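**Q** Okay, here's the structure, questions in a sec.
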Amino acid sequence: MKTLKFKLYAHKRNRHLKRTINAAGVIYNHCIALHKRYYRMWGKHLNCAKLQSHIAKLRKRNPFWQSLGSQAVQDICQRIEKAYQLFFKHNKKGVRPPGFKKVKKYKSFTLKQSGYKFVGGNRVKIGSRVYQFWKSREIEGTVKTLTIKRTPLGELFLVLVVDDVSPEVEVKTGRIAGFDFGLKTFLTCSDGTIIESPQFFKQSLNAIKKASKQHSKKLKGSSNRERARKNLVRKHEDISNRRHDWFWKLAHELTDKFDLLCFETLNLKGMQRLWGRKISDLAFGEFLQILEWVAKKKNKVVVFIGQWYPSSKTCRECGQVLEKLDLSVREWRCPSCQSVNGRDENAAKNIQAVGASTVSLGDVRQASPAITA
């Protein structure tokens, strides 16, 4: 599957789509309320099929709810069901159950088999109205779902999920690399290459502070406050777009250079609690998602080794493992072979060796439990 995103033309008829998103938000909150009430009364989880049947009956008596298609209503119930299943599975890890959302902040609704039709060119018919969008690329493959998404700026986007019919691009280099993620350098490669993060949020921090201060000074409910809010949102969107663009370019660069890319599994949530904004700015988890998608497209392999493997404390030359190594120590001398090891580069080489042995490409004696993506 592949996701395509197109921006809708700004037009006064878009208010109908925004009204439909608001209706989706109202239905979502009503479903959450039913779940909570059902649990208080019976002490168990409300079945998704029962919820869909009940909402379908209520929808017949509510003209506002009827502005949203029946399949979109079913999708809302399925979203809530998935969120609850995730909560039941990972509640001990801090995952919270789905809660109420402000209707004006509700983002999207999804249509599956029906409710939309492409009528040629850059036009799509949703319900009884035709909308135009910026067709930046051709739509190849069968459209599976169509989602109308509203941004905090009030702009509308068309998000399509289609069958990926484009041919795979496969270029073999025969090269393997290990990568160590760090706070001082974004990635350290086992071949000695150091990739620094632009830290986009840090670059724009002064502008964010200024826009946030202007927003907080405005009177609540006023037009000036709304204008200041949109200005602040634009600053954050600019940071997100620049970071996203850099991640995609870096992912293509690394997959063009290497066939097997080895990384260490990290507890990013724990790191975020320790270092906060720094980890959020680096957004390593988002980069890995993009890298895995690009690698799969190019028929490359991404390997993750266990997070408890002592990659930094193990000497690359002789295999000696230190008992303790503080984060402040960036370089250390092996007590066994007297070789000098740079912390990040040594870790990257160990990650490469363990990752290669996991897929039977290196010394299997160095193997450690790993997950292959």
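The values are calculated or read from the model by the stated rules, or taken from the named source; none is laboratory data. As the structure is a prediction and not an experimental result, all values here were calculated from the model. In this analysis, Cβ positions are derived from the backbone assuming ideal geometry, glycine residues included, and neighbour counts consider all displayed protein chains. What goes into the accessible areas is simple: the full protein's heavy atoms, side chains included, and nothing from ligands, DNA or RNA. Shrake-Rupley method; radii C 1.70, N 1.55, O 1.52, S 1.80 Å.
**Q** Whole-Hz Karplus ³J(HN,Hα) for segment 190-204, in order, using 6.51 cos²θ - 1.76 cosθ + 1.60 and θ = phi - 60°, x for Gly and Pro?
**A** 5, 8, x, 6, 10, 10, 8, 7, x, 6, 4, 5, 5, 4, 9
**Q** Starting from the residue with the highest accessible area, list TRP308, TRP42 in decreasing order, probe 1.4 Å. Please report the intermediate quantities before stating the final value.
**A** On the way: TRP308 215, TRP42 160 Å².
The residues order as TRP308, TRP42, largest area first.
**Q** Which order, highest average first, do 103-111, 206-214 follow once you tally other Cβ atoms within 10 Å for each residue and take the mean per peptide? Kindly include the intermediate steps, with their values, before the conclusion.
**A** Working: 103-111: 17.0, 206-214: 14.0.
In decreasing order of mean packing, 103-111, 206-214 become 103-111, 206-214.
**Q** If you roll a 1.4 Å probe over segment 95-186 with all protein chains in place, what percent of the accessible area is carbon or sulfur? Let's see the in-between values first.
**A** On the way: 2750 of 5360 Å².
Carbon with sulfur: 51 percent of the solvent-accessible area.
**Q** Hey, in the GNM for the chain with a 10 angstrom Cα cutoff, which one of ASP245, ASP344, ASP259 fluctuates hardest?
**A** ASP245
**Q** A further question on this structure: Please state the shape class of segment 5-101: rounded when a/c is under 1.5, otherwise prolate if a/b exceeds b/c and oblate if not, all from the C-alpha gyration tensor.
**A** Details: a/c = 2.67, a/b = 1.55, b/c = 1.73.
Oblate shape, in that a/c is at least 1.5 and b/c is the bigger or equal ratio.
**Q** Give the longest segment of the chain that steers clear of GluC sites (Glu not before Pro) in DSSP loops with at most 10 neighbouring Cβ atoms within 10 Å, not counting the sites themselves.
**A** Numbers: sites that count: GLU138, GLU168, GLU170, GLU196, GLU323.
Here the longest run is 1-137.
**Q** Just the accessible area per residue of the chain, please: how many Å² with a 1.4 Å probe?
**A** Values: 21880 Å² over 373 residues.
Value returned for the chain: 59 Å² of accessible area per residue.
**Q** Further question: So which of LYS278/LYS298; LYS184/LYS249; LYS57/LYS92; LYS209/LYS230; LYS7/LYS300; LYS184/LYS324 end up more than 25 Å apart by C-alpha? All intermediate terms of the calculation are to be shown ahead of the outcome.
**A** Values: LYS278/LYS298 31 Å; LYS184/LYS249 21 Å; LYS57/LYS92 36 Å; LYS209/LYS230 14 Å; LYS7/LYS300 32 Å; LYS184/LYS324 20 Å.
Beyond 25 Å between Cα atoms: LYS278/LYS298; LYS57/LYS92; LYS7/LYS300.
**Q** So what is Rg over Rh here for segment 183-298, counting just Cα atoms and using Kirkwood for Rh? All intermediate terms of the calculation are to be shown ahead of the outcome.
**A** Working: Rg = 17.7 Å, Rh = 16.3 Å.
So for segment 183-298, dividing Rg by the Kirkwood Rh gives 1.08.
**Q** Distance between Cα centroids, segment 83-119 to segment 281-355: provide it in whole Å.
**A** Measuring centre to centre over Cα atoms gives 36 Å.
**Q** Mind scanning LYS89/LYS144; LYS82/LYS213; LYS82/LYS172; LYS93/LYS213; LYS93/LYS349; LYS93/LYS313 and naming the pairs with a C-alpha gap bigger than 30 Å? Spell out each step's value before the answer.
**A** Values: LYS89/LYS144 28 Å; LYS82/LYS213 38 Å; LYS82/LYS172 39 Å; LYS93/LYS213 35 Å; LYS93/LYS349 32 Å; LYS93/LYS313 28 Å.
Exceeds cut-off: LYS82/LYS213; LYS82/LYS172; LYS93/LYS213; LYS93/LYS349.
**Q** Additional query: Work out, in µm²/s and without decimals, the Stokes-Einstein translational diffusion coefficient of the chain at 10 °C, 1.306 mPa s, Rh from Kirkwood over C-alpha pairs.
**A** Working: Rh = 24.5 Å.
D = 65 µm²/s.
**Q** In whole Hz, what ³J(HN,Hα) sequence does segment 302-314 give by Karplus (6.51, -1.76, 1.60; θ = phi - 60°), x for Gly and Pro?
**A** 10, 10, 10, 9, x, 6, 8, 5, x, 5, 7, 8, 9
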